[in-house]
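Notes for the one structure printed next.
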Amino acid sequence: MTVIGFALSRILIERKESIKGKIEIKSKLHVKNMKKEDVKLMEGKDVIRFDFDYLIEYAPDLAKVDMQGHLLVMVEPDMTKSLLKSWSKNQQLPEEIKLNVYNTIFHKCNIKALELEEDFSLPPHLQLPYIKTEEKAKTSYTG
């Protein structure tokens, strides 16, 4: 499986209130459709398109970041058949494919969301690393 394309088709960011006090930030990713895409890249390979929604909500009803887009993945033709069969049966992806698809979408969308959150003065939805100083150890001397 090789990712060959990613595009956002809609970005909605809305801040309703000043962000203060205790807030809860939840994110949700939903792959809403999967289909074979008619793209001729390499002989003997298929392209699968995954349409998705990625939503970050700041509760209680303070703000949201909502993104829609698609991911294009190149796969072997035998994998295409099993993916389409699994999807049509129960709208589920096999775990090994799901991990790659979700991680790619998370990676791309989280970077964009962090940039938008900065522009709209929203706290980041992910814990960012910080450098902290260590307190100097207190020593005691008994003589």
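A short reminder: the numbers here are calculations on the coordinates, not readings from a lab. Everything quoted here is computed from the prediction, not taken from an experiment. Cβ sites come from the backbone with ideal geometry, for glycine too, and all protein chains shown count toward neighbours.
Structure data summary
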read-out	value
Some residue of the stretch 87-107 being loosely packed, with under 13 Cβ neighbours inside 10 Å, closer than 27 Å to residue 59 by Cβ and of a type in the set (A, V, I, L, M, F, W, C)	no
Selected residue (criterion: nearest to residue 123 (Cα to Cα)) from residues of the stretch 80-112 that are among the aliphatic types (A, V, I, L, M) and part of a helix (DSSP H, G or I)	111
Where a residue in the stretch 18-40 is among the small types (Gly, Ala, Ser) and its partner, wherever it lies, is assigned to a strand (DSSP E or B), with Cβ under 6 Å and at least six apart	27/56
Output for the stretch 12-58, where each listed residue is acidic (Asp, Glu), more than 18 Å from residue 126 (Cβ to Cβ) and out of contact with any helix residue (DSSP H, G or I) (no Cβ under 9 Å at 6 or more places or on another chain)	14, 17, 37, 38, 43, 51, 53
Residue list for the stretch 41-80, restricted to those being closer than 17 Å to residue 11 by Cα and free of Cβ contacts under 8 Å to residues at least 24 places away in the same chain	51
